[in-house]
Amino acid sequence: MTCYIDFYTNPPNDEALKRILVEAEKLGYCKVGAPHSLKASTAGRAEHLPLVLVEASTRREVARALARIPVKRRVIVLVKPRGLDAARYACVNKRVAGLLLEPGGERFVDRSTANLFRERGWGIVVVPLSHIAEAPRSRRIWRFYYLALRKAYAYGISVALASGASSEWGLWHPYSAAGVAELFGIPGDYARLWLSSSPASLLSALGYS
C-alpha cells in the first residue's frame, strides 16, 4: 500500500494535532508534518514529523534562526522565504530541508533552485493547498499554484503537496490533492508522487526511515 505523506500541517495545539493524525491515517497518510513543539502519541495514528518553520528575508535571518535550533534536535527545518537572498541560502544550507511556499513564492521555483538542490543532493518545495480553501475565487491564488507547480514540473524540482491544515477538516484526500496539480497539466501518476515518493526520498536523505 502506498504511504502518503502530508508534509506540512499547522495545528494550534496538541489536541488538534492528535485529531489530524487520526483523520490523516483514515485518508491513507502514514506521516504528517507538524510543529515540533506539539506532542501526540502516534499509537494507531499517522506518524508525526516534527517541523521547525523559519520565516526570513535574508540569509542572515535564516542563519540566526538556525543557530537557535540545537544541532542534536531531530527536527525538519523548512524556510518560508520572504526574499530571494533567504531562498538561495536555504537551498544550499544542509540543515534546511526545503522551502515552504505561499502566494508570491512561485518566483523562487526556478532553474537556480533546481540546480542548487541538485548540487546539494536533495531538497524540496512544499506547496500547501490551504490557500484554495481560504480564497477559492482568487485569481492570484490560482496563478500561484499554476506557476509553482508547472515550473517545478518543468525544472524537475521535488515537490511535496501538503494540506497546510490547522484542523482535521483542512486535510485533503491524496487523490484530491493530486487532482489540483492535474488541473494544471501535471500527469496524475506524477502528481501522486508529490505525496509519496518525493517527500519520502527527502526523508530518507535526512535520515528518517
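Restricting attention to region 56-73, and to residues there that are among the hydrophobic types (A, V, I, L, M, F, W, C) and open to solvent by less than 80 Å² (accessible area, probe 1.4 Å), which single residue is nearest to Ala162 (Cα to Cα)?
Residues of region 56-73 that are among the hydrophobic types (A, V, I, L, M, F, W, C), as a first pass: 56, 62-63, 65-67, 69, 71.
Now restrict to residues that are open to solvent by less than 80 Å² (accessible area, probe 1.4 Å): 56, 62-63, 65-66, 69.
Details: Ala56: 21, Val62: 23, Ala63: 26, Ala65: 23, Leu66: 23, Ile69: 24 Å.
Only one residue tops the list, namely Ala56.
When you look at Gly170, is it within 22 Å of Ala34 (Cβ to Cβ) and surrounded by fewer than 22 Cβ atoms within 10 Å (Cβ to Cβ), yes or no? Give the steps one after another, and end with the answer.
On the way: within 22 Å of Ala34 (Cβ to Cβ): yes; surrounded by fewer than 22 Cβ atoms within 10 Å (Cβ to Cβ): yes.
Judged against the criteria, Gly170 is a match.
Here is a list: Leu99, Leu53, Leu84. Which entry is among the aliphatic types (A, V, I, L, M), surrounded by fewer than 21 Cβ atoms within 10 Å (Cβ to Cβ), closer than 29 Å to Tyr29 by Cα and at pLDDT 95 or above? Break it down stepwise before answering.
Details: Leu99 fails: surrounded by fewer than 21 Cβ atoms within 10 Å (Cβ to Cβ); Leu84 fails: closer than 29 Å to Tyr29 by Cα.
Every option except Leu53 fails the conditions.
If you go through region 122-162 one residue at a time, how many are within 19 Å of Arg88 (Cβ to Cβ), open to solvent by 30 Å² or more (accessible area, probe 1.4 Å) and either basic (Lys, Arg) or in contact with a Gly (Cβ under 8 Å, 6 or more places away or on another chain) (or both)?
Going through region 122-162 one residue at a time, the tally reaches 2.
Of all residues being open to solvent by 40 Å² or more (accessible area, probe 1.4 Å) and under 15 Å from Arg73 (Cα atoms) in region 23-39, which is modelled with the highest pLDDT? Just the residue, please.
In this case the residue turns out to be His36.
Are there any pairs, at least 6 apart or on different chains, whose C-beta atoms fall under 7 Å, with the first in region 112-137 and over 25 Å from Ala165 (Cβ atoms) and the second open to solvent by 60 Å² or more (accessible area, probe 1.4 Å) and assigned to a helix (DSSP H, G or I), and if so, which?
Ala114/Tyr155; Leu116/Val92; Arg120/Val92
Report the residue count in region 172-209 for those that are of a type outside the set (A, V, I, L, M, F, W, C), in a helix (DSSP H, G or I) and out of contact with any strand residue (DSSP E or B) (no Cβ under 7 Å at 6 or more places or on another chain).
Keep residues of region 172-209 that are of a type outside the set (A, V, I, L, M, F, W, C), which gives 173-176, 179, 182, 185, 187-190, 192, 196-199, 201, 204, 207-209.
Next cut, in a helix (DSSP H, G or I) only: 174-176, 179, 182, 188-190, 192, 197-199, 201, 204.
This time we only want the ones that are out of contact with any strand residue (DSSP E or B) (no Cβ under 7 Å at 6 or more places or on another chain), so: 175-176, 179, 182, 188-190, 192, 197, 201, 204.
The qualifying residues number 11.
Scan Val92, Val77 and give me the residue that is open to solvent by less than 10 Å² (accessible area, probe 1.4 Å), β-branched (Val, Ile, Thr) and either under 19 Å from Arg120 (Cβ atoms) or at pLDDT 95 or above (or both). Outline the logic, then answer.
Details: Val92 fails: open to solvent by less than 10 Å² (accessible area, probe 1.4 Å).
None of the other options fit; the residue is Val77.
Has region 197-209 got any residue that is open to solvent by less than 10 Å² (accessible area, probe 1.4 Å), in contact with a helix residue (DSSP H, G or I) (Cβ under 8 Å, 6 or more places away or on another chain) and not polar (S, T, N, Q)?
Checked against the condition, which is being open to solvent by less than 10 Å² (accessible area, probe 1.4 Å), in contact with a helix residue (DSSP H, G or I) (Cβ under 8 Å, 6 or more places away or on another chain) and not polar (S, T, N, Q), region 197-209 yields no hits at all.
Within the set of pairs 6 or more residues apart or between chains, which connect a residue that is on the phi < 0 side of the Ramachandran plot inside region 179-207 to a residue that is charged (D, E, K, R) with Cβ atoms less than 7 Å apart?
Correct list of pairs: Phe184/Arg150; Gly188/Glu182; Ala191/Glu182.
Residues Thr9, Thr2: which one is out of contact with any Cys (no Cβ under 7 Å at 6 or more places or on another chain), under 16 Å from Pro174 (Cβ atoms) and open to solvent by 30 Å² or more (accessible area, probe 1.4 Å)?
Going through Thr9, Thr2 in turn, the sole match is Thr2.
The values are calculated or read from the model by the stated rules, or taken from the named source; none is laboratory data. As the structure is a prediction and not an experimental result, all values here were calculated from the model. Here the Cβ is made from the backbone with ideal geometry for all residues, glycine too, and neighbour counts use every protein chain on show. In case anyone asks, the SASA skips ligands and DNA or RNA and just uses the protein heavy atoms, side chains included. Shrake-Rupley method; radii C 1.70, N 1.55, O 1.52, S 1.80 Å.
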